[in-house]
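Asks: Quick one: this structure, given as structure tokens, is what I'll be asking you about.
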There are 2 protein chains.
Amino acid sequence: MLRWVDGRPSETLSSLDRGLAYGDGLFETIAVRSARPRLLEHHLARLADGCRRLSIPLDQALLRAELLAFATQLGEGVAKLVVTRGDGARGYAPLGAATPRRLLFGSPWPSYAPANVSQGVELFPCRTRLAEQPLLAGMKHLNRLEQVIARGEWQEPRYAEGLMRDMSGRVVEGVFSNLFLVREGRLITAELSRCGVAGVMRAWLLEQAAEQQILVEIRDVDYDELLATDEVFLCNSLYGIWPVRRLEGHVWPAGALTRKLQGILRTLLDF
Amino acid sequence: MLRWVDGRPSETLSSLDRGLAYGDGLFETIAVRSARPRLLEHHLARLADGCRRLSIPLDQALLRAELLAFATQLGEGVAKLVVTRGDGARGYAPLGAATPRRLLFGSPWPSYAPANVSQGVELFPCRTRLAEQPLLAGMKHLNRLEQVIARGEWQEPRYAEGLMRDMSGRVVEGVFSNLFLVREGRLITAELSRCGVAGVMRAWLLEQAAEQQILVEIRDVDYDELLATDEVFLCNSLYGIWPVRRLEGHVWPAGALTRKLQGILRTLLDF
């Protein structure tokens, strides 16, 4: 598959890269359809925010041009973008001298079961809890051992995703998705100032909710509230929306608001 | 400088490495003196423990042989070892198929001021707090953004290290060191089951304390106790022991037990 480093085809990078040494960087996983990156502005905005928070000086115009050129070559599939602080000497200090590195990876469209969208999924209840670190919360950075450990908790294919809670037991997200509850017609999703990844599809759905005058609550969510809610769904920028059908014996219907949002996604983004 | 990948000279690695993608790996920073890795058994033991906890199947005998050969070539300096889960496909799942990758980096002996050992150092009070994650605590894994951010908090050379506390304000460690308090002849160091790195020099000093019948307390330490204690010192496997002289206007002497441990280090490990 297609792999670029700093805008040129390459399958290797310098072993001095701080992305390897410390996970000192960020990434985006971007759907490419008909040679166009989908939700490009949202991906670029989140990446820019992460770069600002980590003080990684990234050339946004160059990156945008590169992503468009990469999508043209890829055609259909997934473009994963990794931005690191670049090569470093020994030591943690994020010295100004390093030049950020851009990596792009193409892969085929993932083979998720079509029933995940139509009938919904079963969630695995991960024991791995998310640590609370406000300085990193919301960013899609490269320190992802919690997700690696959580995803290692189950192999059974009947679980399409896993539920992640924080150290206090609050409901936060999926391992590679954000989570929404629906209650009395309102959308509820976890506040992500202590942990979690602020997903691009989550951001897009929050904008759509505002347009559609659907009430939204972004706040802490406890486990009992999740179990008692009317509908639950997951989202990310590759698969769109998966209704959650089951978790630890609790069953939810793929309800009206979940179906409505799936319809909007289909209409506006051709999901 | 000398760089090896999987036992052979190389300055690059595959861009699919999970160390880059997720920080999915571990590292050791090893002093090499007279062509021998110092505290080799301690480094290998900690690495083996980390590999077991992260389910990374590493060939320990191969690694030991490689480290010895690398040290022979390096002669004097620092050997940094990175072990990753190896190349991965898209997704967090730590599939059994990946072959772990071993990277070795040589660098010259760091140019710390000799006065750090003789007169002690001033600590910078980092605002960055360590998140509490028992699944990762103690390991020297590659998810090190907290240390990158903390080390970015100061540039003034008068601070040789920074103090890191956890989310509850407890005193844990330095950015690249462990921390000990001395109080009425006893050694006190933070318990590292929620956060922190269990340093190799910390382990060696705890063994020496047992041999010398010095009482040790491994437990939570609060900030007021740090400020009120008799002596404070930092340690790591490269510089040995630095007395802490000052923190936020508080001043400590380089006291008797700190000097005694420095003497033992000098005698037994030629620091």
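Every read-out reported here was derived from the displayed coordinates using simple, explicitly stated rules and does not represent laboratory data. Keep in mind it's a predicted model, so treat the numbers as computed, not measured. Please note: Cβ atoms are built from the backbone with ideal geometry, for glycine as well, and neighbour counts cover all protein chains shown.
Asks: Mind checking which of A:175, B:31, A:152 is farthest towards the positive end of the protein assembly as shown's charge dipole, using Cβ charges of +1 (Lys, Arg) and -1 (Asp, Glu) about the Cα centre?
Replies: Of the candidates, B:31 comes out farthest on the positive side.
Asks: Given N residues in the range A:165-206, what is its alpha carbon radius of gyration divided by 2.2 N^0.38 Å? Walk me through the numbers on the way to the answer.
Replies: Values: Rg = 10.4 Å, N = 42, 2.2 N^0.38 = 9.1 Å.
Ratio of Rg to 2.2 N^0.38 Å for the range A:165-206: 1.14.
Asks: Angle, helix A:256-269 long axis vs. longest principal axis of chain A, Cα atoms, 0 to 90°, nearest 10?
Replies: That works out to roughly 30 degrees.
Asks: Averaging sequence separations of C-alpha pairs under 8 Å and six or more residues apart, then dividing by the length of chain B, give the relative contact order as a whole percent. Before the final figure, lay out each step's value.
Replies: Numbers: 530 pairs, mean separation 49.3, N = 271.
Relative CO of chain B lands at 18 percent.
Asks: Against the longest principal axis of chain A, how steep is helix A:40-54, in degrees 0 to 90 to the nearest 10, with axes from Cα atoms?
Replies: It works out to around 70 degrees.
Asks: Per DSSP helix of 4 or more residues, -39500 (n - 2.57); summed, then divided by the residues of chain A. What does that give at 222 nm, rounded to the nearest 500? Walk me through the numbers before you get to the answer.
Replies: Values: 8 runs with 78 residues, N = 271.
Helices in chain A give a 222 nm mean residue ellipticity of -8500 deg cm²/dmol.
Asks: Ok, one more. Cα-Cα pairs above 19 Å in the range B:1-135: how many percent? Don't skip to the end; give the middle numbers.
Replies: Numbers: 5220 of 9045 pairs.
Roughly 58 percent, rounded to a whole number.
Asks: How big, in percent, is the set of alpha carbon pairs in the protein assembly as shown lying more than 45 Å apart? Numbers along the way, then the final one.
Replies: Details: 26788 of 146611 pairs.
Pairs farther apart than 45 Å: 18 percent.
Asks: In angstroms, what radius of gyration and Dmax does chain A have, counting Cα atoms only?
Replies: Gyration radius and largest Cα-Cα distance of chain A: 18.7, 55 Å.
Asks: Please report, for the Cα atoms of the range A:112-158, the Rg to one decimal and the Dmax as a whole number; what are they, in angstrom?
Replies: Reported Rg and Dmax, both Å: 13.8, 38.
Asks: So, one more: For the charge dipole of chain B, defined by +1 on Lys and Arg C-beta atoms and -1 on Asp and Glu C-beta atoms about the Cα centroid, which residue among B:263, B:60, B:240 has the Cα displaced farthest towards the positive pole?
Replies: Of B:263, B:60, B:240, it is B:60.
Asks: Here's another thing I want to ask about it. Of the GluC sites (Glu not before Pro) in the range B:193-250, which ones lie in a loop per DSSP and count no more than 12 other C-beta atoms within 10 Å?
Replies: Passing both the DSSP loop test and the Cβ count: B:248.
Asks: Looking only at A:119, A:212, A:60, which one moves most when chain A is put into a Gaussian network model with springs between Cα atoms under 10 Å?
Replies: Looking only at A:119, A:212, A:60, the biggest GNM fluctuation is shown by A:212.
Asks: Find the percent of Cα-Cα distances in the range B:115-269 that exceed 18 Å, and round it to a whole number. Don't skip to the answer; put the middle values down first.
Replies: Details: 6473 of 11935 pairs.
Above the 18 Å cut-off, the range B:115-269 has 54 percent of its Cα pairs.
Asks: Suppose every K and R has +1 on its Cβ and every D and E has -1 on its Cβ; what is the size of the dipole of chain A about the Cα centre, in Debye to the nearest 20? Could you put the intermediate results ahead of the total?
Replies: Details: 33 positive and 32 negative charges, 115 e Å.
Computed about the Cα centre, the dipole is about 560 debye.
Asks: Please get the size of the charge dipole for the range A:115-269, origin at its Cα centre, with Cβ charges of +1 on Lys and Arg and -1 on Asp and Glu, quoted in debye to the nearest 20.
Replies: On the way: 18 positive and 20 negative charges, 80 e Å.
It comes to approximately 380 debye.
Asks: Here's a follow-up. Helix B:60-74 sits at what angle to the longest principal axis of chain B, using alpha carbons and giving 0 to 90 degrees rounded to 10?
Replies: 70
Asks: Can you list the residues, at least 5 places off or on another chain, whose amide H is less than 5 Å from the amide H of residue B:2, using H built in the peptide plane?
Replies: Under 5 Å from the amide H of residue B:2 lie the amide H atoms of B:106, each far enough along the sequence or on another chain.
Asks: Here's something else I'd like to know. Which value, in debye to the nearest 20, describes the size of the charge dipole of the protein assembly as shown about its Cα centre when Lys and Arg Cβ atoms bear +1, Asp and Glu Cβ atoms bear -1, and nothing else is charged? Don't skip to the end; give the middle numbers.
Replies: Numbers: 66 positive and 64 negative charges, 220 e Å.
Magnitude of the dipole: close to 1060 debye.
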